[in-house]
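Encoded as structure tokens, the structure appears first; notes follow it.
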Amino acid sequence: MRWLQVLVLLIHYLLYCRSSLSDQVHQTPFYIQANPGETVEISCSHSIQNYDRILWYRRSQDTQLHFLGYMLQSLGNPEPAANVTMKGSANKDKTCTLIIKELRVNSSAVYFCAASYHSAAYHCCSVQKPPCMLPMHLYDLL
């Protein structure tokens, strides 16, 4: 009888305690290999109720994290120096796409998306989903 109680507790832990909001954020593709001058697209979606913002980040080889911009509902707001655009929607079960045009050797990095909600009445809360690596073989050229 004791083993049954342990089994029930283990199943409860696996189903409920290990779940997190990051499980509800999806980024594709996981890996991209492209050449300088090409354009690539990275997609992010989430299934979190009331979240309406997708934030995009890039971690370069020197491990610095760079904010690329965000999409609020269906309005893209890229950072001016980021050389990216965004399309789609940041709402639940929709897809937000980061478009990186005219790749350069220094475009090689890990790209992250995060889901968040926008409201002046609430504190900011975001959920990050790493990674998307673009393209690792170019690190040797830096």
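Filter segment 94-112 for residues that are surrounded by 15 or more Cβ atoms within 10 Å (Cβ to Cβ), farther than 17 Å from residue 26 by Cβ and basic (Lys, Arg) and give the result.
Result: no residue meets the conditions.
Enumerate the strands (runs of 3 or more DSSP E) found wholly within segment 31-110, keeping only those where 2 or more residues are out of contact with any Leu (no Cβ under 7 Å at 6 or more places or on another chain) and among the hydrophobic types (A, V, I, L, M, F, W, C).
Values: elements: 40-46, 53-59, 65-72, 75-78, 84-88, 95-100.
Filter on segment 31-110 gives 53-59, 65-72, 95-100.
If a residue must be within 26 Å of residue 96 (Cβ to Cβ), surrounded by 10 or more Cβ atoms within 10 Å (Cβ to Cβ) and either among the hydroxyl-bearing types (Ser, Thr, Tyr) or modelled with pLDDT under 50 (or both), how many such residues does segment 1-53 contain?
Adding up the residues that qualify gives 9.
Can you find even one residue in segment 73-93 that is crowded, with 17+ Cβ neighbours inside 10 Å, among the charged types (D, E, K, R) and modelled with pLDDT of 80 or more? It would help to see each step written out before you state the result.
From segment 73-93, those crowded, with 17+ Cβ neighbours inside 10 Å are 76, 78, 84, 86, 88-91; that's our starting set.
Subsequent filtering for residues that are among the charged types (D, E, K, R) retains none.
No, the conditions are met nowhere in segment 73-93.
Determine whether segment 113-130 contains at least one residue that is buried (at least 17 other Cβ atoms within 10 Å of the Cβ), at pLDDT 90 or above and of a type outside the set (A, V, I, L, M).
Within segment 113-130, one or more residues are buried (at least 17 other Cβ atoms within 10 Å of the Cβ), at pLDDT 90 or above and of a type outside the set (A, V, I, L, M).
The values are calculated or read from the model by the stated rules, or taken from the named source; none is laboratory data. On a predicted model such as this, the values are computed, not experimentally measured, just so you know. Ideal geometry is used to build each Cβ from the backbone, glycine not excepted, and the neighbour counts take in all protein chains shown.
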